[in-house]
Amino acid sequence: MTVKNKVIVITGASSGIGEASAKLLAKNGAKVVLGARRTERLAAIVKDIEAAGGEAAYQVTDVTKQADVDNLVKFAQTTFGGLDVIFNNAGIMPSSPISALHTDEWDAMIDINLKGVLHGVAAVMPIFTAQKHGQIITTSSVAGIKSFAGAGVYGATKFAVRNLMEVIRMESAQEGTNIRTASLYPAAINTELLHTITDELTKQGMDAFYQQVGISPAAVANVVNFAVDQPEDVNVNEFTIYPTKQA
Ligand SMILES: NC(=O)c1ccc[n+]([C@@H]2O[C@H](COP(=O)([O-])OP(=O)(O)OC[C@H]3O[C@@H](n4cnc5c(N)ncnc54)[C@H](OP(=O)(O)O)[C@@H]3O)[C@@H](O)[C@H]2O)c1
């Protein structure tokens with residue numbers, strides 16, 4: 001089975017990379033289930049997808065709550081009769097130097113970017129293990145494969161999910177459960193992500209940089225679509241996505 005008819009849960013689907021991926025996957029025949037916190041945004045995206053002839057549904061979801069993510073996954077199963085893929089994409093990036101001690105933001109990044117992904121994994125693992133089929137795709141970042149000043153905690157969460165995806169891939173191969181995993185490492189992608197930066201100096205620098213080099217989230221959606229479209233015995237699992245102009 002390729003993209004067509006797959007049931008795909010997407011977290012962080014109310015804007016940016018998640019929205020672009022939901023729209024592309026639905027256009028290619030997937031049944032997409034969108035989760036995030038902003039109801040109106042989710043409803044409008046589902047309406048757009050349906051108007052274009054696609055199949056989609058949404059459920060308001062806070063990925064910091066295991067019960068919310070469990071409910072999102074159950075909702076996908078009851079709405080579309082199964083589950084093939086989870087795209088753990090929800091994330092925030094309130095970057096700042098460690099010395100600024102924005103410790104509340106450190107906690108929020110760990111809760112959303114790392115624990116949110118763990119909640120997605122925990123929600124699907126029993127289903128994928130029982131059916132011996134499933135794919136877990138997670139949005140890490142280039143900050144998950146190399147270090148950037150200002151991205152100490154953000155990068156820590158993104159390095160962590162990279163490790164998680166690779167270990168799940170290895171353990172699934174050992175256990176014979178056919179669970180495929182993939183990590184995405186986007187660089188500067190023009191989305192709403194920079195809105196989460198409160199540190200003024202960091203925000204100014206990042207805004208200017210993204211204006212100079214940033215590319216559309218459609219670039220990442222294409223890669224998600226490619227990963228989902230692979231045959232069952234092929235696990236393509238690590239992708240960097242850079243703007244051509246970004247050094
Ligand atoms: N843009 C880039 O340059 C870039 C580069 C590398 C990696 N990434 C990663 O790409 C992913 C998507 O971000 P984006 O760039 O598309 O930015 P975005 O437009 O700000 O999207 C972030 C998404 O995450 C959702 N979200 C945030 N907190 C959540 C929570 N507690 N529960 C559920 N959903 C939550 C937001 O929805 P609600 O606010 O409605 O909940 C939104 O849909 C993130 O993991 C980010 O770290 C982005």
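Quick look at the numbers
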{"quantity": "Residues whose placed amide H lies under 5 Å from that of Arg180, excluding near-sequence neighbours", "calculated": "Gly134, Gln135, Ile136"}
{"quantity": "Mean Cβ count within 10 Å, highest first, over the residues of peptides 180-187, 14-21, 141-148, 223-230", "calculated": "14-21, 180-187, 223-230, 141-148"}
{"quantity": "Burial ranking of peptide ranges 39-52, 80-93 (average Cβ count within 10 Å, highest at the top)", "calculated": "80-93, 39-52"}
{"quantity": "Peptide ranges 105-117, 163-175 listed from the most packed, as the mean C-beta count within 10 angstrom indicates", "calculated": "105-117, 163-175"}
{"quantity": "Size of the chain as Cα extents on the principal axes (Å, biggest first)", "calculated": "48, 43, 36"}
{"quantity": "Residues with amide H under 5 Å from that of Ile189, placed H, sequence gap 5 or more", "calculated": "Ile215"}
{"quantity": "Residues whose placed amide H lies under 5 Å from that of Lys31, excluding near-sequence neighbours", "calculated": "Asn5, Lys6, Val7, Ile8"}
{"quantity": "Rounded to whole Hz, the Karplus (6.51, -1.76, 1.60) HN-Hα couplings of the range 237-247, x for glycine and proline", "calculated": "10, 9, 9, 8, 10, 9, x, 4, 7, 7, 6"}
{"quantity": "Within the chain, helix-based [θ] at 222 nm, where runs of 4 or more DSSP H residues each add -39,500 (n - 2.57), nearest 500", "calculated": "-14500 deg cm²/dmol"}
{"quantity": "Glu238/Gln211 FRET efficiency (R0 25 Å; Cβ-Cβ; nearest 0.05)", "calculated": "0.35"}
{"quantity": "Set of lysines with alpha-carbon distance to Lys23 below 20 Å, sequence-local pairs under 8 removed", "calculated": "Lys4, Lys6, Lys31, Lys47"}
{"quantity": "Positive-end extreme of charge dipole, the range 1-96 - chosen from Asn5, Ala90, Thr61 (charges on Cβ)", "calculated": "Asn5"}
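Each value in this text was obtained by applying a stated rule to the coordinates, not by laboratory testing. In this text the structure is predicted, and so the values were computed from the model without any measurement. Cβ: placed from backbone, ideal geometry, glycine included. Neighbour counts: every protein chain shown.
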